[in-house]
Amino acid sequence: MAAVIDLSSVGLVDHHAHGIFGQPPRTLDEFRGLFSESPDPRQWPHVASGVTYRRAIKVLAETLGCDPDEQAVYERRLATDQDEYASSFLRSTGTELLLVDDGYPPPGTGPDWRRMGELAGCESRPIMRIERVAEDALDGTFAEFRERVREEVASARRRGFVGLKSIAAYRTGLDIAQPDPVGAEDAFRAAASAKRLEAKPLLELALWDALEANEPDPLPVQFHAGFGDSDLFLPRVQPGYLKPLIERFEDTPFVLLHCYPYVREAGWLAHVYGRVFFDLSLTIPHVSRPAAAVREALELAPFSKLLYASDAARTPELYFLAASWWREALATVLPELLGDDAEEAGRAILRENARQLYRLGG
Amino acid sequence: MAAVIDLSSVGLVDHHAHGIFGQPPRTLDEFRGLFSESPDPRQWPHVASGVTYRRAIKVLAETLGCDPDEQAVYERRLATDQDEYASSFLRSTGTELLLVDDGYPPPGTGPDWRRMGELAGCESRPIMRIERVAEDALDGTFAEFRERVREEVASARRRGFVGLKSIAAYRTGLDIAQPDPVGAEDAFRAAASAKRLEAKPLLELALWDALEANEPDPLPVQFHAGFGDSDLFLPRVQPGYLKPLIERFEDTPFVLLHCYPYVREAGWLAHVYGRVFFDLSLTIPHVSRPAAAVREALELAPFSKLLYASDAARTPELYFLAASWWREALATVLPELLGDDAEEAGRAILRENARQLYRLGG
Amino acid sequence: MAAVIDLSSVGLVDHHAHGIFGQPPRTLDEFRGLFSESPDPRQWPHVASGVTYRRAIKVLAETLGCDPDEQAVYERRLATDQDEYASSFLRSTGTELLLVDDGYPPPGTGPDWRRMGELAGCESRPIMRIERVAEDALDGTFAEFRERVREEVASARRRGFVGLKSIAAYRTGLDIAQPDPVGAEDAFRAAASAKRLEAKPLLELALWDALEANEPDPLPVQFHAGFGDSDLFLPRVQPGYLKPLIERFEDTPFVLLHCYPYVREAGWLAHVYGRVFFDLSLTIPHVSRPAAAVREALELAPFSKLLYASDAARTPELYFLAASWWREALATVLPELLGDDAEEAGRAILRENARQLYRLGG
């Protein structure tokens, strides 16, 4: 009944990626840790009994032409030149355009967006992380801080950025209140000496300033929602909390990232709000049932609102696994849901929705 | 293994429907918009890439005998007399009894419950919307307001109403606090001049008054839970928030409407509370996988607690799609779950549970 | 593709069970009620139309060798000696070790952990319920109360307890605040006269004291999360609320119990935190689709973090149903997810993870 479709030749637009960085893993446990969102070394032995990790090892071993066990894959990795290893996995994804977060890895600690394009053999563009901009602006007065955030964002499109991004979910949650300039100013001095934004009113003011500065010809703004690493307080990252912001900045495209396990909530937002989009980055490649996530995503949301992304960082295998498993999940699910329209939907999700949303031509 | 069952001849009791109203769509985009919960015209072009919409077009084209594309369906609609068009879809559902919300469409702007019965060729009964009653009562003093809400509700059964309904989820959420008469009175003047209840304490007092007035021989009270249009703040419409109300009014039957994506939570409430019932209206026909919703609904809840409803409004195709897809989902899922008992369960969900709950005879 | 595995010979470690207690059911409706989490007699007739109940009756009838209807099963139960009936079902589970909550049934009202081991024909160990200890300590001064909780917990391992347990989810929720000794002391007198802990600050202080006393060589601490009986306020039992506690007591193993419908959230916690484990007790045997719950559990969590448990209490059939349906669900799902590694995962979940976590040898 369901047609089989081939999406392998569709060039991907990965609208949410990071530079690879960090030293190669020094132990097998460190290697395992790269395939999880856990910063806790006590978790890494457990990664070896993860469904996704076991599957990854098999896929990677096949690609690398080594024995299908973690030790063999790990050794192959150590034995290969890092750039060559990275480049080979990046190129195998069939990505034609990478949009790269300019805040993680922290500037200077890993390849920037230009270098990522070189490694992947494709075009690339930067995404401006609002909190990175704000933390860079902590060395002046509070008024200068606000002015600098506004200026950086207002000139972002002109300077080649194709989107903005906020990590509010990883700091204080998505229950973002109306700005409170007095509370923000109170928190400013502590933030300036710590060189880090953590106080809720200060984060919210910076975000609000940025969104206002972005209003005239708005760039899409990416927000994490749902799972990620242990910085998150899950009860405050349900995508539905963004409603007041979405309605206040009604012409700004909002792009929800990750979304698991609140994929259905994200799908509802993408169903009712004309300017809300979402992806399943991180969810794919991390969950063991990517097809189940895609099915839930398309229960309410039109396929013109769902975007491919990897959210890969730190280790090159994740770019490859994300691309493989997204393609596989879409090739499984779209024919079930859409019959003959499956290929149209696949192209939209993997490539065209992002090209249109971020005005990337093509 | 799973028996095939035929539920096509079971006469439906649709316990939660609305009058059709509004002008025919003036553009294809307006037509698309009718098949979503989005009031945002920028969303309507996206509706064309919705899984459910694409499926709907095929089903409608087959029923209408036209080409299987949206333009053909849209044109057929425009070319047909509105009442005839509506009546034909309504009659095709096999509905034997319609319970119609008396607050939407607003009285006088569309067909009332009697007219809906005529169009559908079946019996019909009215459901009293508590907020409609309260907003009608804003033209006197605060004391008169309270008195009128109480009187209308207390006499509702005698005057032919078979249930009550609250739209608290669409206004301030399901975290309904103990009544605060002072706060409510403070908000009363503003509500009276706006002719609209929006202040949380006033809404809550009206609701509490209504539930108290309903206590002696309680009518079932319907509450939205979960998704709907963009008025909703999703983090406050989880059905679990109703616990204090359910326990305070322990003899009142509560009927949770929609429930997606919190279907499992609703199922738990229907499992632990003797007087809690629920439906998957709006969920079916809007989600692209109705069978998945039914499966989750019946994970914990007995089938004697789940009720068929369409929540259809505005456009007649939705009554037909809801009925078709509910029947289809039940015919798929019930044999998987219940084997030889599937048909008993199907009849209960489509017809008998509602007849018993609302004391409709038959 | 998926290998068929046989887990029937794996001896179970049930890390979360209770004593059976109470009189035999006096009516068929009381019998039905034993198969639900509802204390509401008005719910019990509905239990007869529950998917899980209907399935249970078939399985029980087959085991008992009687007609496959509830009346026959009920009569068989009444006709059999209670201990013999219990023992026969307990022994049929293939359990080799039972960890038994010492707070429910309340001490003296049912068989304790030793007697449960005798009935089941296996080893058993006690789990200390923190709130039971605290309620036993309400007869002195506030300072004595705190001291006693600390002492009981600090000496628990020495006295043979293998774990701790908190029922915070059933009292005030998992949004457990920093301790407030002043607020707790204010609430102490009322708690002492009621012989029951209900005030949030007092519960939280007792819990915090217990967790601190447990720190030197921490026993695993079990917390309910997700569904249970109607004492729960579902919006405050999402497992994600435990984040501050998990991070504060970073060396303490936390074990999340039940988890439905927040299985995916629990899986995320078990993915990012090295010391978080979880089970699907109560979920299995109560939900009608155990395999779906297992699939969601293993989307993010390694199989080394998931533990078998029944949470059975009150009626012996539940121990048997939990064991049967867990085995069946694992035998279905693990080969799908893990291919040749399915049996390793099955043994880990049913037996070895608990043996390691609770230091049970074997």
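Only the coordinates and a few stated rules stand behind these numbers; no lab work does. Since the structure is predicted, the reported quantities are computational estimates derived from the model, not experimental observations. Backbone-built Cβ (ideal geometry, glycine too); neighbour counts: all protein chains shown.
Mind listing the long-range amide H neighbours of residue B:256? Cut-off is under 5 Å, sequence gap 5 or more, other chains count too, H placed in the peptide plane at 1.01 Å from N.
B:223, B:277, B:278, B:279
Taking the Cα atoms only, what angle lies between the long axis of helix C:82-91 and the longest principal axis of chain C, rounded to 10 degrees?
80 degrees
Let me have the relative contact order for segment B:18-108, percent, based on Cα pairs under 8 Å that are six or more residues apart. If you can, show how the numbers build up before the last one.
Numbers: 57 pairs, mean separation 28.1, N = 91.
The value is 31 percent.
Once the label point is set 7 Å along the Cα-to-beta-carbon vector, what list of distances in nm do you get between residue B:231 and its counterparts in the other copies?
Values, ascending and in nm: 3.8, 3.8.
To the nearest 20 debye, what charge dipole does segment C:1-128 have about its Cα centre, counting +1 at the Cβ of each Lys and Arg and -1 at the Cβ of each Asp and Glu? Each step should come with its number before you reach the end.
Details: 12 positive and 20 negative charges, 42 e Å.
The dipole magnitude comes to about 200 debye.
When N counts the residues of chain B, how does its alpha-carbon radius of gyration compare numerically with 2.2 N^0.38 Å, as a ratio? Don't skip to the end; give the middle numbers.
Working: Rg = 20.0 Å, N = 362, 2.2 N^0.38 = 20.6 Å.
It is 0.97.
State the percent of C-alpha pairs, over all pairs in segment B:32-76, separated by a distance greater than 13 angstrom. Before the final figure, lay out each step's value.
Numbers: 499 of 990 pairs.
Tail of P(r) above 13 Å: 50 percent of Cα pairs.
Work the Kirkwood hydrodynamic radius out for segment A:101-183: mean of 1/r over every pair of different alpha-carbon atoms, inverted, in Å.
Numbers: mean 1/r = 0.0697 Å⁻¹.
Kirkwood radius, segment A:101-183: 14.3 Å.
Distances from residue B:198 to the same position in the other copies: list them in nm, one decimal, shortest first, using label points 7 Å from Cα along Cα→Cβ.
3.9, 3.9
Say a site is exposed when it is one of the trypsin sites (Lys or Arg not before Pro), sits in a DSSP loop, and has at most 10 other Cβ atoms within 10 Å; what is then the longest site-free stretch of chain C?
My reading of the result: C:196-362 is the longest stretch.
So for segment B:1-126: antiparallel DSSP bridges make up what percent, rounded to the nearest 5?
Taking every DSSP beta bridge within segment B:1-126, about 0 percent pair in antiparallel fashion.
For every helix of n ≥ 4 consecutive DSSP H residues, a contribution of -39,500 (n - 2.57) applies; sum these over chain C, divide by its total residues, and give [θ] at 222 nm rounded to the nearest 500 deg cm²/dmol. Before the final figure, lay out the partial values.
On the way: 18 runs with 165 residues, N = 362.
Per the formula, -13000 deg cm²/dmol.
For label points placed 7 Å from Cα toward Cβ, what is the shortest-first list of nm distances from residue C:39 to its copies?
4.3, 4.3
For residue A:16, what residues show an amide H to amide H distance below 5 Å, using hydrogens built from the backbone and excluding near sequence neighbours?
Hits under the 5 Å cutoff: A:99, A:310, A:311.
Take the alpha-carbon positions of the protein assembly as shown, form their convex hull, and give its projected area averaged over all directions (one quarter of the hull surface) in nm².
Numbers: hull surface 171.1 nm².
Computing the convex hull of the Cα atoms and averaging its projections yields 42.8 nm².
Between residue A:9 and residue A:71, how many nm apart are label points set 7 Å from Cα along the C-beta direction?
Distance between label points: 4.3 nm.
Given Cα positions, please report Rg to Rh for segment C:271-360, the hydrodynamic radius being the Kirkwood one.
Numbers: Rg = 12.6 Å, Rh = 13.2 Å.
Value, to two decimals: 0.95.
With θ set to phi - 60° and the Karplus curve 6.51 cos²θ - 1.76 cosθ + 1.60, what are the ³J(HN,Hα) couplings of segment B:296-308 in order, to the nearest whole Hz, using x for Gly and Pro?
Here the 3J(HN,Hα) series is 5, 4, 9, 5, 10, 7, x, 6, 6, 10, 9, 10, 5 Hz.
For A:66, A:259, A:122, what's the fewest-to-most ordering of other Cβ within 10 Å of each Cβ? Display every interim value, and only then the final one.
Numbers: A:66 17, A:259 30, A:122 20.
Lowest count first: A:66, A:122, A:259.
Where does the Debye-calculated log10 I(q)/I(0) of segment A:49-128 sit at q = 0.16, 0.19 Å⁻¹, using only Cα point scatterers of equal weight, no solvent?
-0.73, -0.91
Based on the Cα gyration tensor of segment B:247-293, what are the three equivalent ellipsoid semi-axes, each the root of five times an eigenvalue, rounded to whole Å and given largest first?
Details: eigenvalues 106, 20, 9 Å².
After diagonalising the Cα gyration tensor, the semi-axes are 23, 10, 7 Å.
With respect to the axis carrying A onto C, what is the closest chain A residue by Cβ position, and how many angstrom separate it from the axis?
Taking the axis that maps A onto C, the answer comes out as A:235, 5.
Rounded to two decimal places and with Rh computed the Kirkwood way over Cα pairs, what is Rg over Rh for segment C:167-302?
With Rg and the Kirkwood Rh in hand, the quotient comes to 1.00.
Give me the three principal axis extents of segment A:153-194 from the C-alpha atoms, as integers in angstrom, largest value leading.
Answer, in whole Å and largest first: 34, 23, 21 Å.
Assuming R0 = 35 Å, can you tell me the calculated FRET efficiency for the pair residue B:182 and residue A:233, based on Cβ-Cβ distance, to the nearest 0.05?
With R0 = 35 Å, the Cβ-Cβ based efficiency is 0.50.
At a temperature of 4 °C and a viscosity of 1.567 mPa s, determine how fast segment C:1-57 diffuses translationally according to Stokes-Einstein, using the Kirkwood radius over alpha-carbon pairs as Rh; express D in µm²/s, rounded to the nearest whole number.
Values: Rh = 14.3 Å.
This corresponds to a translational diffusion coefficient of 91 µm²/s.
When DSSP assigns beta bridges and you keep just the ones with both residues in chain B, what percent turn out antiparallel, to the nearest 5?
Numbers: 0 of 27 bridges.
Rounded to the nearest five, the antiparallel share is 0 percent.
What dipole magnitude, in Debye to the nearest 20, does segment A:218-362 give about its Cα centre under +1 on Lys/Arg Cβ and -1 on Asp/Glu Cβ? Show your work: numbers first, answer last.
Numbers: 14 positive and 18 negative charges, 61 e Å.
Approximately 300 debye in magnitude.
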